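In what follows, a single structure is set out as structure tokens and then discussed.
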Amino acid sequence: EMPSTEKSCWFDRLPAKRQASLRHAEPCIVALCGLGLTFVMVLAVLDGATRSRRRIFQQLADAHASRIVDAFQNLRNHQLSALSRFCQGAQAMSRDEFRAFAGPIVREGSIQAIQALAWVPAVPAAEKAALETTARASGLTDFLIWQRGADGRRAPAVRREVHYPVWLMEPLAGNESVLGYDHGAESVRRAALETALHTGLPTVTDPVTLIMETEKSAGLLVFQPVFSGVPPARVFRGFALVVLRADSFLRAGLSGRPSDDMSPQVDLYQVRPGEPLRHLAPS
């Protein structure tokens, strides 16, 4: 006769009550193991579904974000670049010439987010009065290089080494009050001007309230420094300026996306290291 296994030996030596309790425990242990395995499998499935949703959302977010990036690059490489070259080549632009060039760009449907294009010359303090006289003689009878006073109203610009007034703008209709505004008189605009001049690169302002706007929607100004001649005889002349409204620009950039209930909401934020996010516009 073969000897019994080690398991049967120690099991058989247990009291009858203990053997009975162990026999009842075995099905419970099996059931608990099954439940544990099922729980682990459910967690794995849920984790896979979550990862899949995150991956799909990331793909949607990347696609929409790339539209906005493309819109900014298109603005820089085409509209702003063309305006800069035009201002560089036109030594004495007339308002009709500027309108003929800038008008079609502003009206073009694919870039309808552009509020206005402008030429902002660098005017030394010694030439300020002469420019105002020239403008008034040309028909702009109330032309003034101005800034906002303490009460928020229009006031003559405080004398500074160089003024940066809006000289030409398109569209002019509805924006007449902007002519002569000195962008060097306001800190946010002046910071962008100085950065653009220092780097020689297109520079966008922090969000500002546009001169022609009464709403609280964020405006963005993009300055491109314009020079004439070639180094070392290159001379700084002023800035080509593109005026944007953040909400219009965002909507135009997303114009090709499907508009159904599954489309995500897209918001535009300004992000600076160490600072809270600043909301600019919702879609």
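Taking all protein chains together and a probe of 1.4 Å, list THR199, THR50, THR205, THR141 from the most accessible to the least accessible. Walk me through the numbers on the way to the answer.
Working: THR199 70, THR50 45, THR205 5, THR141 110 Å².
Order by accessible area, largest first: THR141, THR199, THR50, THR205.
Suppose R0 equals 35 Å; then what is the FRET efficiency for THR133 and GLU108 from their Cβ-Cβ distance, rounded to the nearest 0.05? Don't skip to the end; give the middle numbers.
Details: r = 36 Å, r/R0 = 1.02.
Plugging the Cβ-Cβ distance into 1/(1 + (r/R0)^6) gives 0.45.
How much net charge surrounds GLN270 when only the other residues with a Cβ under 12 Å from the Cβ of GLN270 are counted, with Lys and Arg +1 and Asp and Glu -1? Don't skip to the end; give the middle numbers.
Numbers: positive: ARG272, ARG278; negative: ASP206, ASP267, GLU275.
Computed value for this residue: -1.
For every other residue with a beta carbon closer than 10 angstrom to the beta carbon of THR205, add +1 if it is Lys or Arg and -1 if Asp or Glu, then tell me the sum. Could you put the intermediate results ahead of the total?
Numbers: positive: ARG189, ARG190; negative: GLU186, ASP206.
Once all neighbours under 10 Å are counted, the net charge is 0.
At 7 Å along Cα-to-Cβ for each site, give me the label-to-label distance between SER177 and ARG190 in nm.
2.3
Which sequence of LEU268, LEU60, LEU210, LEU277 reflects their accessible areas, 1.4 Å probe, from the largest down? The partial results should precede the final answer.
Values: LEU268 25, LEU60 70, LEU210 5, LEU277 115 Å².
Correct descending sequence by accessible area is LEU277, LEU60, LEU268, LEU210.
May I ask you to rank ARG278, ARG237 by accessible area, largest first, using a 1.4 Å probe over the protein chains only?
Most to least solvent-accessible, the answer reads ARG278, ARG237.
Taking a ≥ b ≥ c as the square roots of the Cα gyration tensor eigenvalues, with a/c under 1.5 meaning rounded and otherwise prolate when a/b beats b/c, else oblate, which class fits segment 86-215?
Numbers: a/c = 1.29, a/b = 1.13, b/c = 1.14.
It is rounded, given that a/c, with a ≥ b ≥ c, falls under 1.5.
The values are calculated or read from the model by the stated rules, or taken from the named source; none is laboratory data. Values in this document were obtained by computation on a predicted structure and should not be read as measured data. Ideal geometry is used to build each Cβ from the backbone, glycine not excepted, and the neighbour counts take in all protein chains shown. With ligands, DNA and RNA removed, areas are computed over all heavy atoms of the protein, side chains included. Shrake-Rupley method; radii C 1.70, N 1.55, O 1.52, S 1.80 Å.
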